[in-house]
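Data block below; observations after.
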Amino acid sequence: LPKEQVAEVLKTNQYSEDVKRDASEARQIGVNGVPFFLMNRKYAVSGAQETSVFTVTLQKALDEWEKDRTDLAP
């Protein structure tokens, strides 16, 4: 984001409800540290990991997402 936009967001708390909602959801699913990445609302990578861990997890999430999309297509 441009510097001016960041300053405006911080001044107005524009996204504070979104952040609170995300933090609440994270607690509900047991997130207790950062970084934490949730893919396709099902696959998670927690902590600092090798690139290969992200690659495998992202591919698995994408494959499942694409399958679900085609299963729903008319």
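The values are calculated or read from the model by the stated rules, or taken from the named source; none is laboratory data. None of these values were measured; they are calculated from a predicted model. When we count neighbours, we look across all protein chains shown, and the Cβ atoms used for this are built from the backbone with ideal geometry, even at glycine. Only protein heavy atoms, including side chains, enter the accessible area calculation; ligands, DNA and RNA are left aside. Shrake-Rupley method; radii C 1.70, N 1.55, O 1.52, S 1.80 Å.
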| With axes computed from alpha carbons, what is the tilt in degrees of helix 16-28 against the longest principal axis of the chain, rounded to the nearest 10 within 0 to 90? | 40
| said: Can you compute the radius of gyration and Dmax for the range 16-74, using only the Cα atoms, both in Å? | reply: 13.9, 41
| field | Extension gain, Ala23 back to Lys67 (0.36 nm per residue minus Cα-Cα distance, nm) | value | 12.9 nm
| query | What accessible area per residue, rounded to a whole number of Å², is obtained for the range 1-72 using a probe radius of 1.4 Å? | reply | 85
| note | Computed, not fitted: 222 nm per-residue ellipticity of the chain from DSSP H runs ≥ 4 (each -39500 (n - 2.57)), nearest 500, equal to -20000 deg cm²/dmol
| message | Compute the helix-to-body angle for 3-12: its Cα long axis versus the longest principal axis of the chain, expressed 0 to 90° and rounded to tens. | response | 80
| field | Whichever lysines have a C-alpha closer than 25 Å to that of Lys20, once near sequence neighbours (fewer than 8 apart) are set aside | value | Lys3, Lys11, Lys42
| query | What's the carbon and sulfur percent of the chain's accessible surface, probe 1.4 angstrom, rounded to a whole number? | reply | 56
| request: Calculate, for Asn13 and Ser46, the FRET efficiency according to 1/(1 + (r/R0)^6) with r their C-beta to C-beta distance and R0 25 Å; round to the nearest 0.05. | output: 0.30
